[in-house]
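Participant: Sending over a structure as structure tokens; questions will come in a sec.
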Amino acid sequence: MSLTPQSADAGPYDALLLYSFGGPNKPDDVVPFLRNVTAGKGIPDERLEEVGEHYYGFGGKSPINEQNLALKAALEAELAERGIDLPVVWGNRNWEPYTTDAIDELERLGAERAVALVTSAYSSYSGCRQYREDLAVTLEKRGQLGPDGSTGVQFDKIRSYFNHPGFVAANAEAVLEGYEALEAKGGDPAAAKLVFVTHSIPDTMEAASRVSHATYSAQHLDVAAVIAAVVAEERGHPVEWELAYCSRSGPPSQPWLEPDVNDLLTERAGEGLKDVVLSPIGFVSDHMEVAYDLDTEAMATATELGMTAVRAGTVGTRPAFVSGLVDLLLERAAIARGEEVEEETVGNLPAFRSVCAPGCCLRRDGEPSGIPALCSVDLHS
């Protein structure tokens, strides 16, 4: 473990871009939102309506937007507490406020160099590169993309933060609360299995993510081991754990990471497992994949199997997570100033790059997309 810079100097940055996925705010938004998410895949609206049932079951509104606003407010409060005068601007890839709206706001504020904080802790195409591509394509449409990057507001990014102490500590806190909730429901914490859950991705995207330093799944396994060890020490008993996946999409012929969380629960129940704590370490807030895939589907599966199950919280706006994000901002600022920085991590993996390597996190292993991506040593790699 190394030391995070203690300086409260955010220079050269004059703004922070909180950069997220986005989600619908009302039923009429659902299909247009899903068109954005699936752009270029030729999926008919009839199929999108079927997929949208997940959202319609929650009033046609995703919880992600309000959660992003809460995180934005928490970051602003933490920055103010540290005496850092840095505006936080929120933008999304797939819904309002869009990336171009965020750039408009940055320009209104007079920002010249912003640092992007993506609301995904892990390195993969969908968690990193797709955001960098969206920034580049948006700038290109605005006539603001030159051969070396933006000709307007300059952008850097904060590194993938799955192995930052703030993210890990907040997850461990949430899991410990989950064990307390399990005990309150009459479960046996000492006999319970801890199941970490994240969003599945196609196998070829998993293979491509190895350019980052370690694959998407390896990143999760590393941080899961750290969290489980913390929980075991705090609880005073061994903690058995596994990693499962949710939110698979795409044709059945396309291999995705497995096991699905429902399949895992079914298999373990057949082996006699009675108690389980689900920890959504792949998500930073309780958005639709958590609300539907875990709180609805997985909990229903556990009930049908006669299991006592609880779902631990996400990191959300927990103080350790928010403070850690500001630490990461200051770390990135120090790097941008050319200072030597020891980047703080936990687990066995190194700090991931804040300036991505060529060919980093492609959609398909070994197949360049042809789409420029910001925050890389090579814009067109």
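The values are calculated or read from the model by the stated rules, or taken from the named source; none is laboratory data. Quick caveat, the model's predicted, so the values are computed rather than measured. Positions of Cβ are backbone-derived with ideal geometry, glycine not excepted, and every protein chain shown enters the neighbour counts. These accessible areas exclude ligands, DNA and RNA; they are computed on the full protein's heavy atoms, side chains included. Shrake-Rupley method; radii C 1.70, N 1.55, O 1.52, S 1.80 Å.
Participant: What is the number of the single condition among (1) closer than 19 Å to residue 93 by Cβ; (2) outside any loop (DSSP other than H, G, I, E, B) that residue 160 does not meet?
Facilitator: It is condition (2) that residue 160 fails.
The rows are residues; the columns are (1) modelled with pLDDT of 95 or more; (2) under 26 Å from residue 158 (Cα atoms); (3) in contact with a His (Cβ under 9 Å, 6 or more places away or on another chain).
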| position | (1), (2), (3) |
| --- | --- |
| 12 | yes, yes, no |
| 15 | yes, yes, no |
| 22 | yes, yes, no |
| 28 | yes, no, no |
| 50 | no, no, no |
| 53 | no, no, no |
| 56 | no, no, no |
| 75 | yes, yes, no |
| 82 | yes, yes, no |
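Participant: Oh, and also: Considering each residue of the stretch 302-324, count those that are more than 17 Å from residue 224 (Cβ to Cβ), in contact with a strand residue (DSSP E or B) (Cβ under 9 Å, 6 or more places away or on another chain) and buried (at least 19 other Cβ atoms within 10 Å of the Cβ), and give that number.
Facilitator: So the answer is 4.
Participant: Picking from 176, 117, 135, which residue would you name as being within 23 Å of the chain's Cα centre (by Cα) and in a strand (DSSP E or B)?
Facilitator: 117
Participant: I've got another one for you. Find the residue count for the stretch 26-37, including only residues that are open to solvent by 10 Å² or more (accessible area, probe 1.4 Å), in contact (Cβ under 8 Å) with a residue 24 or more places away in the chain and in contact with a helix residue (DSSP H, G or I) (Cβ under 8 Å, 6 or more places away or on another chain).
Facilitator: 1
Participant: Yes or no: residue 318 closer than 19 Å to residue 19 by Cα and either of a type in the set (Lys, Arg) or modelled with pLDDT under 95 (or both)? Spell out the reasoning first.
Facilitator: Values: closer than 19 Å to residue 19 by Cα: yes; either of a type in the set (Lys, Arg) or modelled with pLDDT under 95 (or both): yes.
So residue 318 passes the test.
Participant: Does the stretch 98-111 hold any residues that are surrounded by fewer than 18 Cβ atoms within 10 Å (Cβ to Cβ) and either hydroxyl-bearing (Ser, Thr, Tyr) or touching a helix residue (DSSP H, G or I) at 6+ places or on another chain (Cβ under 9 Å) (or both), and which are they?
Facilitator: Matches in the stretch 98-111: 98, 100.
Participant: Something else now. Let me confirm something: among 91, 23, which residue is surrounded by 14 or more Cβ atoms within 10 Å (Cβ to Cβ), part of a strand (DSSP E or B) and not polar (S, T, N, Q)?
Facilitator: Details: 23 fails: part of a strand (DSSP E or B).
When all the criteria are applied, what remains is 91.
Participant: Could you run through the stretch 351-370 and say how many residues are open to solvent by less than 60 Å² (accessible area, probe 1.4 Å), within 24 Å of residue 139 (Cα to Cα) and in a loop (DSSP other than H, G, I, E, B)?
Facilitator: Of the residues in the stretch 351-370, 7 are open to solvent by less than 60 Å² (accessible area, probe 1.4 Å), within 24 Å of residue 139 (Cα to Cα) and in a loop (DSSP other than H, G, I, E, B).
Participant: Of the residues in the stretch 337-350, how many are among the aliphatic types (A, V, I, L, M), open to solvent by 30 Å² or more (accessible area, probe 1.4 Å) and at pLDDT 95 or above?
Facilitator: 1
Participant: Something else now. Would you confirm whether or not the stretch 257-265 contains a residue that is over 26 Å from residue 188 (Cβ atoms) and in contact with a Phe, Trp or Tyr (Cβ under 9 Å, 6 or more places away or on another chain)?
Facilitator: yes
Participant: If the Cβ limit is 9 Å and pairs must be 6+ apart or interchain, which residue in the stretch 266-286 that is free of Cβ contacts under 8 Å to residues at least 60 places away in the same chain pairs with which residue that is open to solvent by 40 Å² or more (accessible area, probe 1.4 Å) and not acidic (Asp, Glu)?
Facilitator: 266/305; 267/259; 269/305; 269/306; 270/305
Participant: While we're here: Return a yes/no flag: does the stretch 143-150 have any residue that is modelled with pLDDT of 95 or more, open to solvent by 30 Å² or more (accessible area, probe 1.4 Å), assigned to a loop (DSSP other than H, G, I, E, B) and not hydroxyl-bearing (Ser, Thr, Tyr).
Facilitator: Among the residues of the stretch 143-150, at least one is modelled with pLDDT of 95 or more, open to solvent by 30 Å² or more (accessible area, probe 1.4 Å), assigned to a loop (DSSP other than H, G, I, E, B) and not hydroxyl-bearing (Ser, Thr, Tyr), which makes the answer yes.
Participant: Let me ask something additional. Of the residues 269, 228, 232, 218, only one is out of contact with any Ser or Thr (no Cβ under 8 Å at 6 or more places or on another chain), open to solvent by 20 Å² or more (accessible area, probe 1.4 Å), under 22 Å from residue 351 (Cα atoms) and assigned to a helix (DSSP H, G or I); which? Lay out the reasoning, then the answer.
Facilitator: Numbers: 269 fails: under 22 Å from residue 351 (Cα atoms); 228 fails: open to solvent by 20 Å² or more (accessible area, probe 1.4 Å); 232 fails: under 22 Å from residue 351 (Cα atoms).
Of 269, 228, 232, 218, the one residue that is out of contact with any Ser or Thr (no Cβ under 8 Å at 6 or more places or on another chain), open to solvent by 20 Å² or more (accessible area, probe 1.4 Å), under 22 Å from residue 351 (Cα atoms) and assigned to a helix (DSSP H, G or I) is 218.
Participant: Looking at the structure I just gave you, is residue 176 open to solvent by less than 10 Å² (accessible area, probe 1.4 Å) and at pLDDT 95 or above?
Facilitator: No: the conditions fail for residue 176.
Participant: Say we look at the stretch 194-215 and pick out the residues that are of a type in the set (S, T, N, Q) and crowded, with 23+ Cβ neighbours inside 10 Å; which of these is nearest to residue 243 (Cα to Cα)? First the steps, then the outcome.
Facilitator: Going residue by residue through the stretch 194-215, those that are of a type in the set (S, T, N, Q) are 198, 200, 204, 209, 212, 215.
Still in the list and also crowded, with 23+ Cβ neighbours inside 10 Å: 198, 200, 209, 212.
Working: 198: 8, 200: 11, 209: 18, 212: 20 Å.
The qualifying residue nearest to residue 243 (Cα to Cα) is 198.
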